[in-house]
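No value in this document is a laboratory result; all are computed from the given coordinates. Remember, it's a predicted structure, so these values are computed and weren't measured experimentally. Backbone-built Cβ (ideal geometry, glycine too); neighbour counts: all protein chains shown.
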């Protein structure tokens, strides 16, 4: 006789993300805002100012217009270029800002002074830079006050350049780590994959590509845990068996933490994404949800059954994001089985009721509902609640009889028949003829 089923050997769960990091796209966003410092010293938005973006490493120009708040944005400039931003508007002195990079999530601030309203060409800007002996931005003609302002802008520009250099270095490291980690994960070299993902995360834990690294690290940790567990359960050495299982639990705990962090970070990326980057961000979030749910079914059962609520959240968020009906159904079954294997019968019961409402002939769900109600009957009986126990046993008998009627011959069917016989002999309960548990629900 049995209370529940437990499969000791786990199947392989590894898979590899087949997407590119949104941060490594060929194009990047450029944005900023322009203000006008008026003669009285007040600063106002440079509404509808002309914004000319000059690429200096390759001769090309991009012409924009600020909105009424002085803001401007270009969603798709080549990522690796060097740029100068020139701004102008009627009644203002034109100015420019060099050393500009795209895709750095920087809001470039440019301030103009009152002037003749002329518009700079790239030739004039280069001439001004040559005359001043500096590559810093500035107006074609500067007053003493303007020079002081320019010095401040130069300092800020140097800070931006330093940040850009750091970002470029991080991009290179993260790209290499992501590629090497994915290759190792695909080859089931989990130790190497995890170390490579860690190299990328160490380069810049706040990088836009960090959530994808965390997602793949989650999968590598989960797969390594499965491998360790499978090896341990086959071992004939008790010490090795125990050590292997503990190592697997440690990996599952780390995978659960990493997967949760990946989802949290990727949700923030999606919330901040513009129209151009939103599809890639949502795709990365989908894979993060898949990885977290895949870990949850092991973590809750093998490591910490008290975290069942967290496991339910992981599955429900993934199910809501899954467009494929077959995968969605499988996830619903996995969530119910997670709760069943964790002996969380109160939460497993409604999960299986939902499945059976959609597919009344699902034999696995009929069997597990019968076992859940059978165990709940024991619990109610131990609490002295005889009527509730009797009702639970009756429903258990109805579900198990349906399972026996529909299931093929095998150990599961034999065990279910043994339980039905036991309930008839010890609880004086047997399946009702023509009963349908889905329609005759009690509240045990």
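Note on residue 304 and residue 379: the model spin-label points, each 7 Å out from Cα along the C-beta direction, lie 2.1 nm apart. From the alpha carbon centroid of segment 30-79 to that of segment 97-126 is 7 Å. Diffusion coefficient of segment 195-426 by Stokes-Einstein, Kirkwood radius over Cα pairs, 37 °C, 0.692 mPa s: 166 µm²/s. Counted residue by residue at 0.36 nm each, then reduced by the alpha carbon distance between them, the extension gain from residue 387 to residue 159 reaches 74.6 nm. Remark: spin-label model distance residue 275-residue 241 equals 6.2 nm, labels positioned 7 Å along the Cα→Cβ axis. One Cα centroid belongs to segment 175-246, the other to segment 331-354; the line between them spans 28 Å. The calculated FRET efficiency for the pair residue 206 and residue 361, based on their C-beta separation and a Förster distance of 56 Å, comes to about 0.65. What the Cβ-Cβ distance of residue 73 and residue 187 gives, at R0 = 30 Å and to the nearest 0.05, is a FRET efficiency of 0.10. Length gained on full extension, residue 124 to residue 82: 13.4 nm, using 0.36 nm per residue less the C-alpha separation.
A Förster radius of 30 Å, combined with the Cβ-Cβ distance separating residue 63 from residue 176, puts the computed FRET efficiency at roughly 0.25. In this rough spin-label picture, where each label sits 7 Å from Cα along the Cβ direction, the residue 316-residue 422 distance is 3.3 nm. Highest mean packing comes first when the peptides 198-207, 266-275 are listed by Cβ atoms within 10 Å, giving 198-207, 266-275.
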